[in-house]
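The structure appears right after this line, and notes come after that.
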Amino acid sequence: MRIRRWKSKRRMITGLILAMSLAISACSSGQGQDNAVDGDKIHVVTTIAQIAEPMSVIGGDRVVVDSLMGPGVDPHLYNATQGDIAKLESSDIVLYSGLHLEANMVRVFEEIGKNKPVLALSESIPEDQRLKDETGATDPHVWFDIDLWKQALESGTEELKQYAPEDADYFEANKVKYFAELDALKTEASEKLGQIPAEKRVLVTAHDAFGYFGRMHDIQVVGLQGLSTEAEIGLSDIEDTIRILMEHQVPAVFVESSINPSSINAVIEGAQKEGLQVREGGNLYSDAMGDAGTEQGTYIGMYRHNVDTIYTALSKGSE
Ligand SMILES: [Zn+2]
């Protein structure tokens with residue numbers, strides 16, 4: 001959903017935003033105004049780092065990109081801090097994922113969108129390519145389909161080009177180069193995951209973040225929780241998951257960096273009581289990435305880490 005287009009910058013905080021900022025959670029990262037943004041660069045503010053890091057590659061030295069949600073942060077439950085509101089207010093462009101991922105920030109985006117371009121990148125993806133669950137809810141974890149994420153990043157790139165037409169060729173060249181790396185990543189991931197024996201191709205995680213990943217790489221995905229972490233996990237979810245593990249003799253299940261591991265541990269314990277040797281297969285990045293400045297703080301590094309972790313845990317356990 002494109003909320004509104006407006007070319008002006010640095011508007012005053014509206015009453016509504018102010019009221020919302022007072023009503024929201026305690027400020028953990030708010031330093032008031034953003035620090036040291038170069039005056040002549042385009043200041044892009046994003047929610048998740050899966051948008052921020054690729055956009056900083058595509059924007060190159062013409063942009064400064066700020067991600068509101070750092071490592072370990074769960075976007076489904078995230079509330080904007082006062083510091084976030086200040087960053088959004090002083091930004092030139094806001095890019096978020098959408099499809100209800102940042103569920104508690106929708107009204108903030110609507111308000112900010114009255115004054116500047118605010119764009120939900122995942123909502124640029126055609127309806128018929130989106131995954132839906134059995135209730136009809138759209139799966140927002142689009143970044144796990146590399147081709148679809150390219151489409152999302154393409155719409156972000158178009159936004160940069162419209163904002164700074166004089167730099168359009170530069171953004172385009174950076175994008176083409178980066179997309180070639182994403183194509184290579186897709187090939188690498190498909191080749192590796194394709195080696196997991198057919199009967200072990202079951203990915204069990206705490207919440208249902210890997211639907212697009214499973215579709216792209218032909219892996220059955222089981223999430224204890226639904227598409228959002230807002231839902232409760234019931235005993236029957238745990239029992240159903242254990243049944244699937246037994247049926248496929250799945251060797252490993254996975255924890256997520258942004259989710260409490262207790263429910264996955266309950267699955268491991270339950271399966272072990274039933275006599276299945278299942279273990280924790282490692283840590284996956286689902287809704288958050290690793291620390292900025294590390295390999296896993298990049299989209300490509302994050303994806304590769306997940307592929308390697310899944311490959312190692314599911315194929316090794318098959319002996
Ligand atoms: Zn999620």
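Taken together, the values in this text are just the output of simple stated rules run on the coordinates, not laboratory data. Predicted, not measured: the structure shown is a model, and the values here were computed from it. Virtual Cβ from ideal backbone geometry, glycine too; neighbours counted across all protein chains shown.
Between R243 and E269, full extension at 0.36 nm per residue minus the direct alpha carbon distance yields a gain of 8.1 nm. Helix 235-248 axis versus longest C-alpha principal axis of the chain: approximately 60°, rounded to the nearest ten. In degrees, nearest 10, range 0 to 90: what is the angle between the Cα axis of helix 49-59 and the longest Cα principal axis of the chain? Taking Cα atoms only, the helix is inclined about 50 degrees. Ordering of 168-177, 41-50 by packing is 41-50, 168-177, highest average first (other Cβ atoms within 10 Å, averaged per residue). Here the relative contact order of the chain, from alpha carbon pairs under 8 Å that lie six or more residues apart, stands at 19 percent. Given R₀ = 25 Å, FRET efficiency for V106-A292 by Cβ-Cβ distance, to 0.05? Rounded to the nearest 0.05, the efficiency is 0.45. Taking the helices alone, the chain has a mean residue ellipticity at 222 nm of -13000 deg cm²/dmol, built from -39,500 (n - 2.57) per DSSP H run of at least 4 residues and averaged over all its residues. Note on K177: lysines with a C-alpha under 20 Å away, same-chain residues under 8 apart excluded, are K150, K161, K186. Take the alpha carbon gyration tensor of region 134-229, find the square roots of its eigenvalues, order them as a ≥ b ≥ c, and report rounded if a/c is under 1.5; if not, report prolate when a/b exceeds b/c, else oblate. Because a/c hits 1.5 or more and a/b fails to exceed b/c, region 134-229 counts as oblate. Of the three principal axes defined by the Cα atoms of region 178-251, the extents in descending order read 44, 30, 14 Å.
Calculation over all alpha carbon pairs of the chain in 20 angstrom steps from 0 returns a P(r) of 32, 55, 13, 0 percent.
Note: relative contact order over region 184-280, using C-alpha pairs below 8 Å and six or more positions apart, is 26 percent. If the segment from N260 to K41 were pulled out straight at 0.36 nm per residue, it would be longer than the present Cα-Cα gap by 75.0 nm. Protection proxy ranking for 276-285, 82-91, 231-240, using the average of other Cβ atoms within 10 Å per residue and placing the highest first: 82-91, 276-285, 231-240. Relative to the longest principal axis of the Cα atoms of the chain, the long axis of helix 299-316 makes an angle of roughly 0 degrees.
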